[in-house]
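Here's the structure, in structure tokens; my notes come after.
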Amino acid sequence: MAEAAGAKGWRPILPALLLAACVDGYPTEDEVQPSAYEMTNGQRAAALALLAGPAADRRQPDIRLEAGCALVLERRERWWQPSRSERHDLSGLTPRVQAGEEAARFDVALHTHDGQERLTLLAGLPRSEALRGHLLLQLIKRDCGRPSGG
């Protein structure tokens, strides 16, 4: 009977121990996302690259911003092939959010001023991420000519 009484003594403590183990090592608060309006263009380009996903994901390009308001996209079609660079001057392009190929997914594309699609920059994103990517591109374009924008 002494063993049974000892085993019952753990029952109230066991859920507390399990819950304590679940939060061990995890942040207790969400990381604060900086406002896109307060970022530099370099930070905005880095945020775009994060939205695009890991460079190992062939569907999304690695993105960086060069002087003169040019987005440089590095794409790798196959893991064994060298990546290829595409340079796009943002001054002649307008970012737009459009429906993606999958349901409830959206793309961010760059269009010429006459409405022709030039390229899809971000593909298959949830709506909130596509809107964030659109805003980041608009702000990069807006601040390219400003001395403090880069």
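Since every read-out is calculated from the coordinates, none of them should be taken as a lab result. Note that the structure is a prediction, hence the values are computed from the model and not measured. Because the Cβ atoms are built from the backbone with ideal geometry, glycine has one as well, and the counts that use them run over all protein chains shown.
Give me the extension gain from Gln116 to Leu131: residue separation times 0.36 nm, minus the current Cα-Cα distance, reported in nm with one decimal.
3.4 nm is the gain from fully extending Gln116 to Leu131.
With no solvent and one point on each alpha carbon, what is the Debye value of log10 I(q)/I(0) for region 74-141 at q = 0.14, 0.16, 0.23, 0.26 Å⁻¹?
The calculated log intensity ratios at q = 0.14, 0.16, 0.23, 0.26 Å⁻¹ are -0.47, -0.60, -1.01, -1.11.
Starting from region 79-150, pick out the trypsin sites (Lys or Arg not before Pro) whose DSSP state is loop and whose Cβ has at most 16 other Cβ atoms within 10 Å. Walk me through the intermediate numbers first.
Details: sites: Arg84, Arg87, Arg96, Arg105, Arg118, Arg127, Arg132, Lys141, Arg142; in loops: Arg105.
Sparse-neighbourhood loop trypsin sites (Lys or Arg not before Pro): Arg105.
Per 0.36 nm of contour for each residue apart, how much would the distance between Ala46 and Arg75 grow if the chain were fully extended, relative to their Cα-Cα spacing?
Result for the pair: 8.8 nm of gain on full extension.
Rounded to the nearest 0.05, what FRET efficiency do Ala99 and Arg146 have when you use their Cβ-Cβ distance and R0 = 25 Å?
FRET efficiency, Ala99 to Arg146: 0.15.
So, in nm, how far is label Gln138 from label Val32 when the simple model puts each one 7 Å beyond its Cα toward the Cβ?
According to this spin-label approximation, the distance is 2.4 nm.
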